[in-house]
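Comments concern the structure below.
The values are calculated or read from the model by the stated rules, or taken from the named source; none is laboratory data. Source: prediction; values computed, not measured. Here the Cβ positions follow ideal geometry from the backbone for every residue, glycine too, while neighbour counts run over all protein chains shown. Just the protein is used for accessible areas: all its heavy atoms, side chains included, with ligands, DNA and RNA removed. Shrake-Rupley method; radii C 1.70, N 1.55, O 1.52, S 1.80 Å.
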Amino acid sequence: MKALSVIPLQAGSAALTDVEEPPLSDGPILVETLAVGVCGTDLEILSGAYGWSPPGRERLVLGHESLGRVLEAPAGSPVTAGDLVVGIVRRPDPVPCANCAVLEWDFCRNGLYTERGIKEHDGYLSERYRITPDYVVKVDPRLGLLGVLLEPTSVVAKAWEEVERVGGRAHWSPRSVLVTGAGPIGLLAALLGVQRGFDVHVLDRMGEGVKPDLVAALGATYHSGTPSDLDIHPDVVIECTGVATVILDAMATIGVGGVMCLTGVSSSGHQISLDEGALNRSMVLENVAVVGSVNANRRHYEAAAAALAAADLEWLSRVVTRRVPLDRWSDALLRHDDDVKVVIEVQPIGSTSR
Ligand code: BGC
(Lines give C-alpha, C1' and ligand atoms only; values in the text may rest on other atoms or scores of the structure.)
Protein backbone atom coordinates (compact mmCIF):
# COMPACT_ATOMS: atom_id res chain seq x y z
CA MET A 1 0.00 0.00 0.00
CA LYS A 2 1.05 3.62 -0.45
CA ALA A 3 2.12 5.81 2.50
CA LEU A 4 3.59 9.29 2.85
CA SER A 5 6.59 9.18 5.16
CA VAL A 6 9.53 11.31 6.25
CA ILE A 7 12.93 10.85 7.85
CA PRO A 8 12.37 12.92 11.01
CA LEU A 9 14.65 15.94 11.43
CA GLN A 10 15.64 15.74 7.74
CA ALA A 11 14.07 18.49 5.62
CA GLY A 12 13.01 17.46 2.12
CA SER A 13 12.84 13.74 3.02
CA ALA A 14 9.07 13.29 2.44
CA ALA A 15 8.21 10.58 -0.08
CA LEU A 16 5.14 8.63 -1.17
CA THR A 17 6.30 5.02 -1.24
CA ASP A 18 5.01 1.46 -1.11
CA VAL A 19 5.06 0.05 2.40
CA GLU A 20 3.97 -3.20 4.07
CA GLU A 21 0.33 -3.64 5.09
CA PRO A 22 -0.28 -2.30 8.64
CA PRO A 23 1.06 -4.62 11.37
CA LEU A 24 -1.39 -6.67 13.44
CA SER A 25 0.43 -5.35 16.50
CA ASP A 26 -1.31 -1.98 15.86
CA GLY A 27 -4.68 -3.58 16.63
CA PRO A 28 -7.47 -5.81 15.33
CA ILE A 29 -9.49 -3.04 13.62
CA LEU A 30 -8.51 -2.46 9.98
CA VAL A 31 -9.37 0.98 8.62
CA GLU A 32 -9.21 2.34 5.08
CA THR A 33 -7.95 5.93 5.20
CA LEU A 34 -10.18 8.44 3.42
CA ALA A 35 -8.54 11.76 4.26
CA VAL A 36 -5.85 13.34 6.40
CA GLY A 37 -5.71 17.01 7.40
CA VAL A 38 -2.46 18.97 7.21
CA CYS A 39 -1.55 21.14 10.21
CA GLY A 40 1.31 23.23 11.52
CA THR A 41 2.85 20.22 13.28
CA ASP A 42 3.04 18.34 9.93
CA LEU A 43 4.73 21.34 8.33
CA GLU A 44 7.22 21.44 11.22
CA ILE A 45 7.95 17.73 10.76
CA LEU A 46 8.34 18.19 7.00
CA SER A 47 10.72 21.10 7.56
CA GLY A 48 12.96 18.82 9.64
CA ALA A 49 12.25 20.61 12.94
CA TYR A 50 10.15 17.99 14.80
CA GLY A 51 9.22 14.32 14.80
CA TRP A 52 10.63 10.94 15.86
CA SER A 53 10.68 7.70 13.87
CA PRO A 54 9.55 4.40 15.42
CA PRO A 55 12.35 2.58 17.30
CA GLY A 56 14.77 0.86 14.89
CA ARG A 57 13.28 2.54 11.82
CA GLU A 58 14.48 5.41 9.66
CA ARG A 59 11.12 6.65 8.36
CA LEU A 60 7.91 7.78 10.08
CA VAL A 61 4.55 7.63 8.29
CA LEU A 62 2.96 11.07 8.62
CA GLY A 63 -0.64 12.01 9.39
CA HIS A 64 -2.44 12.54 12.67
CA GLU A 65 -5.66 14.32 11.63
CA SER A 66 -7.44 11.36 10.10
CA LEU A 67 -10.74 10.16 8.73
CA GLY A 68 -11.22 6.55 7.73
CA ARG A 69 -13.79 3.85 7.09
CA VAL A 70 -13.69 0.57 9.02
CA LEU A 71 -12.94 -2.42 6.78
CA GLU A 72 -12.76 -5.12 9.47
CA ALA A 73 -13.56 -5.11 13.17
CA PRO A 74 -13.78 -8.14 15.47
CA ALA A 75 -17.13 -8.98 17.09
CA GLY A 76 -17.72 -6.90 20.21
CA SER A 77 -15.79 -3.86 18.88
CA PRO A 78 -17.32 -0.39 19.38
CA VAL A 79 -17.27 0.02 15.57
CA THR A 80 -18.34 -2.14 12.65
CA ALA A 81 -17.36 -2.39 8.98
CA GLY A 82 -18.51 0.71 7.08
CA ASP A 83 -18.38 3.11 10.08
CA LEU A 84 -16.58 6.43 9.61
CA VAL A 85 -13.90 6.75 12.28
CA VAL A 86 -11.03 8.90 13.52
CA GLY A 87 -7.93 7.55 15.26
CA ILE A 88 -6.78 9.14 18.51
CA VAL A 89 -3.24 10.58 18.21
CA ARG A 90 -1.50 9.94 21.54
CA ARG A 91 -0.80 6.64 23.33
CA PRO A 92 0.07 6.51 27.04
CA ASP A 93 3.65 6.06 28.14
CA PRO A 94 4.52 2.44 29.04
CA VAL A 95 5.62 3.17 32.65
CA PRO A 96 2.81 4.45 32.99
CA CYS A 97 2.97 7.82 34.75
CA ALA A 98 0.14 8.68 37.13
CA ASN A 99 -1.79 10.56 34.45
CA CYS A 100 -1.36 8.00 31.65
CA ALA A 101 -2.43 5.32 34.15
CA VAL A 102 -5.87 6.98 34.32
CA LEU A 103 -5.99 7.54 30.53
CA GLU A 104 -5.19 11.25 30.77
CA TRP A 105 -2.30 10.78 28.36
CA ASP A 106 -2.68 14.39 27.24
CA PHE A 107 -1.15 15.26 30.65
CA CYS A 108 1.67 12.68 30.39
CA ARG A 109 4.28 13.58 33.01
CA ASN A 110 7.39 11.78 31.78
CA GLY A 111 7.30 12.57 28.05
CA LEU A 112 7.49 8.87 27.10
CA TYR A 113 4.09 8.94 25.36
CA THR A 114 3.96 8.15 21.65
CA GLU A 115 1.91 9.99 19.01
CA ARG A 116 0.75 8.56 15.69
CA GLY A 117 2.32 10.44 12.82
CA ILE A 118 4.46 12.54 15.16
CA LYS A 119 6.38 10.58 17.78
CA GLU A 120 7.65 7.01 17.41
CA HIS A 121 4.45 5.53 15.95
CA ASP A 122 3.41 5.56 12.28
CA GLY A 123 0.62 7.94 11.43
CA TYR A 124 -2.54 7.54 9.43
CA LEU A 125 -1.31 8.80 6.04
CA SER A 126 -1.26 5.34 4.48
CA GLU A 127 -3.98 3.64 2.45
CA ARG A 128 -4.88 1.46 5.43
CA TYR A 129 -4.02 1.39 9.12
CA ARG A 130 -4.79 -0.79 12.13
CA ILE A 131 -5.93 0.36 15.54
CA THR A 132 -7.21 -0.97 18.87
CA PRO A 133 -10.83 -0.34 19.98
CA ASP A 134 -9.81 2.09 22.76
CA TYR A 135 -8.26 4.55 20.29
CA VAL A 136 -10.89 4.66 17.57
CA VAL A 137 -13.71 7.23 17.70
CA LYS A 138 -16.91 6.96 15.67
CA VAL A 139 -17.92 9.96 13.57
CA ASP A 140 -21.49 11.01 12.72
CA PRO A 141 -21.89 9.66 9.15
CA ARG A 142 -23.65 12.92 8.14
CA LEU A 143 -20.28 14.66 8.48
CA GLY A 144 -18.70 12.66 5.67
CA LEU A 145 -15.30 14.16 4.81
CA LEU A 146 -15.79 16.85 7.48
CA GLY A 147 -15.07 14.17 10.08
CA VAL A 148 -11.42 14.96 9.32
CA LEU A 149 -11.93 18.05 11.52
CA LEU A 150 -12.46 15.87 14.60
CA GLU A 151 -8.82 15.78 15.75
CA PRO A 152 -8.28 19.58 15.67
CA THR A 153 -11.69 19.96 17.33
CA SER A 154 -10.56 17.59 20.11
CA VAL A 155 -7.65 19.96 20.81
CA VAL A 156 -10.05 22.92 21.30
CA ALA A 157 -12.54 20.77 23.24
CA LYS A 158 -9.71 20.17 25.72
CA ALA A 159 -8.84 23.89 25.76
CA TRP A 160 -12.47 24.75 26.57
CA GLU A 161 -12.57 22.09 29.29
CA GLU A 162 -9.45 23.63 30.86
CA VAL A 163 -10.96 27.13 30.70
CA GLU A 164 -14.19 25.94 32.32
CA ARG A 165 -12.44 23.96 35.04
CA VAL A 166 -10.13 26.85 35.95
CA GLY A 167 -13.00 29.35 35.66
CA GLY A 168 -15.08 27.21 38.02
CA ARG A 169 -12.64 27.96 40.90
CA ALA A 170 -15.06 30.81 41.80
CA HIS A 171 -18.46 32.02 40.61
CA TRP A 172 -18.17 31.82 36.81
CA SER A 173 -20.53 33.43 34.34
CA PRO A 174 -18.34 34.44 31.39
CA ARG A 175 -19.79 36.46 28.52
CA SER A 176 -17.06 37.61 26.17
CA VAL A 177 -14.48 35.43 24.49
CA LEU A 178 -11.48 36.49 22.44
CA VAL A 179 -9.94 33.94 20.09
CA THR A 180 -6.57 35.02 18.71
CA GLY A 181 -5.90 33.49 15.30
CA ALA A 182 -8.47 32.49 12.67
CA GLY A 183 -6.74 29.35 11.40
CA PRO A 184 -8.53 25.99 11.81
CA ILE A 185 -7.85 25.83 15.57
CA GLY A 186 -9.04 29.42 16.13
CA LEU A 187 -12.18 28.94 14.03
CA LEU A 188 -13.05 25.67 15.78
CA ALA A 189 -12.42 27.28 19.19
CA ALA A 190 -14.79 30.08 18.11
CA LEU A 191 -17.38 27.50 17.01
CA LEU A 192 -17.32 25.89 20.47
CA GLY A 193 -17.62 29.35 22.08
CA VAL A 194 -20.65 30.24 19.92
CA GLN A 195 -22.19 26.84 20.73
CA ARG A 196 -21.87 27.79 24.42
CA GLY A 197 -23.80 31.01 23.79
CA PHE A 198 -20.89 33.43 24.35
CA ASP A 199 -20.14 36.75 22.64
CA VAL A 200 -17.16 35.57 20.56
CA HIS A 201 -14.54 37.86 18.99
CA VAL A 202 -11.88 36.49 16.66
CA LEU A 203 -8.72 38.37 15.81
CA ASP A 204 -6.38 37.69 12.89
CA ARG A 205 -4.18 39.62 10.46
CA MET A 206 -6.33 39.34 7.32
CA GLY A 207 -8.45 42.42 6.52
CA GLU A 208 -10.80 40.48 4.27
CA GLY A 209 -11.31 37.06 2.72
CA VAL A 210 -12.42 33.64 3.80
CA LYS A 211 -11.47 34.00 7.49
CA PRO A 212 -13.51 37.15 8.23
CA ASP A 213 -16.38 35.62 6.23
CA LEU A 214 -16.28 32.39 8.24
CA VAL A 215 -16.22 34.31 11.53
CA ALA A 216 -19.22 36.43 10.48
CA ALA A 217 -21.12 33.35 9.27
CA LEU A 218 -20.63 31.84 12.72
CA GLY A 219 -22.30 34.86 14.35
CA ALA A 220 -19.01 36.01 15.92
CA THR A 221 -17.19 39.34 15.42
CA TYR A 222 -14.00 39.55 13.38
CA HIS A 223 -11.18 42.01 14.11
CA SER A 224 -7.83 42.60 12.49
CA GLY A 225 -5.11 44.34 14.51
CA THR A 226 -3.86 43.68 18.00
CA PRO A 227 -5.81 42.61 21.14
CA SER A 228 -5.17 45.95 22.88
CA ASP A 229 -6.80 47.82 19.94
CA LEU A 230 -10.09 46.15 20.85
CA ASP A 231 -12.50 47.75 23.23
CA ILE A 232 -13.10 44.55 25.19
CA HIS A 233 -11.73 42.90 28.31
CA PRO A 234 -12.61 39.28 27.58
CA ASP A 235 -13.51 36.77 30.28
CA VAL A 236 -11.91 34.04 28.17
CA VAL A 237 -9.02 34.16 25.73
CA ILE A 238 -8.20 31.14 23.59
CA GLU A 239 -4.81 31.85 22.06
CA CYS A 240 -4.21 30.07 18.76
CA THR A 241 -1.37 32.01 17.10
CA GLY A 242 1.70 31.15 19.20
CA VAL A 243 2.95 34.67 18.37
CA ALA A 244 4.65 36.17 21.45
CA THR A 245 3.53 39.77 20.88
CA VAL A 246 -0.10 38.70 20.40
CA ILE A 247 0.06 36.47 23.49
CA LEU A 248 1.44 39.20 25.77
CA ASP A 249 -0.94 41.81 24.41
CA ALA A 250 -3.92 39.48 24.94
CA MET A 251 -2.71 38.70 28.48
CA ALA A 252 -2.72 42.39 29.28
CA THR A 253 -6.29 42.97 28.02
CA ILE A 254 -7.99 40.02 29.72
CA GLY A 255 -10.81 40.93 32.12
CA VAL A 256 -10.95 40.52 35.92
CA GLY A 257 -10.99 36.84 36.90
CA GLY A 258 -10.42 35.89 33.26
CA VAL A 259 -8.90 32.66 31.99
CA MET A 260 -6.56 32.43 29.03
CA CYS A 261 -5.70 29.14 27.38
CA LEU A 262 -2.57 28.89 25.23
CA THR A 263 -2.82 26.38 22.36
CA GLY A 264 -0.33 27.71 19.78
CA VAL A 265 3.18 26.25 19.76
CA SER A 266 5.75 29.04 19.27
CA SER A 267 9.28 28.76 18.00
CA SER A 268 11.88 29.82 20.55
CA GLY A 269 14.62 32.42 20.22
CA HIS A 270 12.57 35.61 19.88
CA GLN A 271 13.29 38.15 22.62
CA ILE A 272 10.79 40.90 23.26
CA SER A 273 10.82 43.53 25.95
CA LEU A 274 8.10 43.37 28.54
CA ASP A 275 7.03 45.25 31.66
CA GLU A 276 6.87 42.08 33.76
CA GLY A 277 6.01 44.02 36.90
CA ALA A 278 2.89 45.61 35.36
CA LEU A 279 1.78 42.28 33.90
CA ASN A 280 2.31 40.43 37.18
CA ARG A 281 0.56 43.18 39.15
CA SER A 282 -2.60 43.06 37.02
CA MET A 283 -2.65 39.24 36.91
CA VAL A 284 -2.38 39.01 40.72
CA LEU A 285 -4.78 41.83 41.54
CA GLU A 286 -7.34 40.56 39.01
CA ASN A 287 -7.05 36.79 39.62
CA VAL A 288 -6.10 36.15 35.98
CA ALA A 289 -5.19 32.56 35.05
CA VAL A 290 -3.12 31.48 32.07
CA VAL A 291 -3.03 27.77 31.25
CA GLY A 292 -1.28 25.83 28.50
CA SER A 293 -3.02 23.01 26.64
CA VAL A 294 -1.77 20.28 24.31
CA ASN A 295 -3.25 17.17 22.75
CA ALA A 296 -6.54 15.55 23.85
CA ASN A 297 -7.77 12.40 25.54
CA ARG A 298 -10.76 10.27 24.66
CA ARG A 299 -13.18 12.47 26.63
CA HIS A 300 -12.18 15.43 24.47
CA TYR A 301 -12.58 13.45 21.22
CA GLU A 302 -16.09 12.53 22.31
CA ALA A 303 -16.92 16.15 23.18
CA ALA A 304 -15.51 17.16 19.78
CA ALA A 305 -17.59 14.52 17.96
CA ALA A 306 -20.73 15.93 19.64
CA ALA A 307 -19.74 19.54 18.80
CA LEU A 308 -19.18 18.70 15.12
CA ALA A 309 -22.42 16.73 14.93
CA ALA A 310 -24.26 19.82 16.27
CA ALA A 311 -22.50 22.27 13.92
CA ASP A 312 -23.80 23.72 10.67
CA LEU A 313 -22.38 21.39 7.99
CA GLU A 314 -22.31 24.14 5.38
CA TRP A 315 -20.12 26.26 7.67
CA LEU A 316 -17.82 23.32 8.45
CA SER A 317 -17.47 22.55 4.73
CA ARG A 318 -16.18 26.09 4.17
CA VAL A 319 -13.41 25.48 6.76
CA VAL A 320 -11.99 22.75 4.48
CA THR A 321 -10.76 25.11 1.78
CA ARG A 322 -8.73 22.65 -0.32
CA ARG A 323 -8.72 18.91 -1.01
CA VAL A 324 -5.65 17.46 -2.70
CA PRO A 325 -5.43 13.85 -3.94
CA LEU A 326 -2.70 11.71 -2.35
CA ASP A 327 -0.57 11.51 -5.51
CA ARG A 328 -0.37 15.34 -5.55
CA TRP A 329 0.44 15.51 -1.79
CA SER A 330 3.17 18.14 -2.23
CA ASP A 331 0.53 20.67 -3.44
CA ALA A 332 -1.12 20.36 -0.03
CA LEU A 333 2.02 21.71 1.64
CA LEU A 334 2.23 24.94 -0.35
CA ARG A 335 0.40 27.64 1.61
CA HIS A 336 -2.19 29.64 -0.33
CA ASP A 337 -3.39 32.98 1.13
CA ASP A 338 -6.96 31.77 1.46
CA ASP A 339 -6.14 28.35 2.94
CA VAL A 340 -7.81 27.40 6.17
CA LYS A 341 -7.76 23.59 6.39
CA VAL A 342 -6.11 21.68 3.58
CA VAL A 343 -6.91 17.98 3.37
CA ILE A 344 -5.13 15.17 1.52
CA GLU A 345 -7.72 12.79 0.06
CA VAL A 346 -6.39 9.26 0.20
CA GLN A 347 -9.54 7.60 -1.10
CA PRO A 348 -12.43 9.62 -2.52
CA ILE A 349 -15.24 9.41 -0.01
CA GLY A 350 -18.14 7.49 -1.47
CA SER A 351 -15.89 4.97 -3.19
CA THR A 352 -14.10 2.08 -1.59
CA SER A 353 -10.98 0.16 -2.49
CA ARG A 354 -12.40 -3.24 -1.46
C1 BGC B 1 -1.46 17.52 17.66
C2 BGC B 1 -1.44 17.03 19.08
C3 BGC B 1 -0.01 16.77 19.51
C4 BGC B 1 0.83 18.02 19.28
C5 BGC B 1 2.28 17.88 19.71
C6 BGC B 1 -0.55 18.69 17.50
O7 BGC B 1 -0.53 19.08 16.15
O8 BGC B 1 -2.78 17.89 17.30
O9 BGC B 1 -2.20 15.86 19.19
O10 BGC B 1 0.01 16.41 20.87
O11 BGC B 1 0.76 18.37 17.92
O12 BGC B 1 2.98 16.83 19.09
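Dividing the convex hull volume of the alpha carbon atoms of the chain by its residue count gives 146 Å³ per residue. In plain terms, the chain from PHE107 to SER228 could stretch by 40.4 nm, reckoned as 0.36 nm per residue minus the Cα-Cα distance. Projecting the Cα atoms of SER282, VAL343, GLY292 onto the dipole axis of the range 274-354, where Lys and Arg carry +1 and Asp and Glu carry -1 at the beta carbon, places VAL343 farthest toward the positive end. Tell me, what is the FRET efficiency for LEU274 and MET206 to the nearest 0.05, using R0 = 30 angstrom and their Cβ-Cβ distance as r? E between LEU274 and MET206, to the nearest 0.05, is 0.65.
In this Cβ point-charge picture (+1 for Lys and Arg, -1 for Asp and Glu), the chain has a dipole of about 540 debye about its Cα centre. Give me the percent of DSSP beta bridges within the chain that run antiparallel, rounded to the nearest 5. Antiparallel bridges make up about 50 percent of those DSSP assigns within the chain.
Per residue, what accessible area does the range 154-292 have, given a 1.4 Å probe and all protein chains present, in Å²?
Details: 6540 Å² over 139 residues.
With all protein chains present, the range 154-292 gives 47 Å² per residue.
Give the angle, between 0 and 90 degrees and rounded to the nearest 10, that separates the Cα long axis of helix 184-195 from the longest principal axis of the Cα atoms of the chain. Roughly 70 degrees between the two axes. Measuring only protein heavy atoms, the 1.4 Å probe finds VAL284 accessible over about 90 Å².
For the range 150-247, state which GluC sites (Glu not before Pro) are in a DSSP loop and have at most 15 other beta carbons lying within 10 Å of their beta carbon.
Details: sites: GLU161, GLU162, GLU164, GLU208, GLU239; in loops: GLU208.
Passing both the DSSP loop test and the Cβ count: GLU208.
For the pair the range 193-263 / the range 122-140, the C-alpha centres are spaced 33 Å from each other. Largest mean-square fluctuation among SER273, SER282, SER176, in a Gaussian network model of the chain whose springs join Cα atoms under 10 Å apart, belongs to SER273.
Packing-wise, with mean Cβ within 10 Å as the measure, how do 140-151, 27-38, 326-337 rank, highest first? Walk me through the numbers on the way to the answer.
On the way: 140-151: 21.7, 27-38: 23.2, 326-337: 13.4.
Top to bottom by mean Cβ count within 10 Å: 27-38, 140-151, 326-337.
Per-atom-type breakdown for the range 154-292 gives carbon and sulfur 50% of the accessible area (1.4 Å probe, protein chains only).
Of all lysines in the structure, those lying under 27 Å Cα to Cα from LYS119, and not within fewer than 8 positions of it along the same chain, are LYS2, LYS138, LYS158, LYS341. Proximity of backbone amide H atoms, modeled 1.01 Å from N, is registered between ARG128 and THR33 at under 5 Å, excluding neighbours fewer than 5 places apart on the same chain. Overall, the range 154-292 carries a charge dipole of about 320 debye about its Cα centre when +1 sits on the Cβ of Lys and Arg and -1 on the Cβ of Asp and Glu, all other atoms neutral. Since only ILE272, VAL202, TRP105 are under comparison, the one whose Cα sits farthest along the positive direction of the charge dipole of the chain, derived from C-beta charges on Lys, Arg, Asp and Glu, is TRP105.
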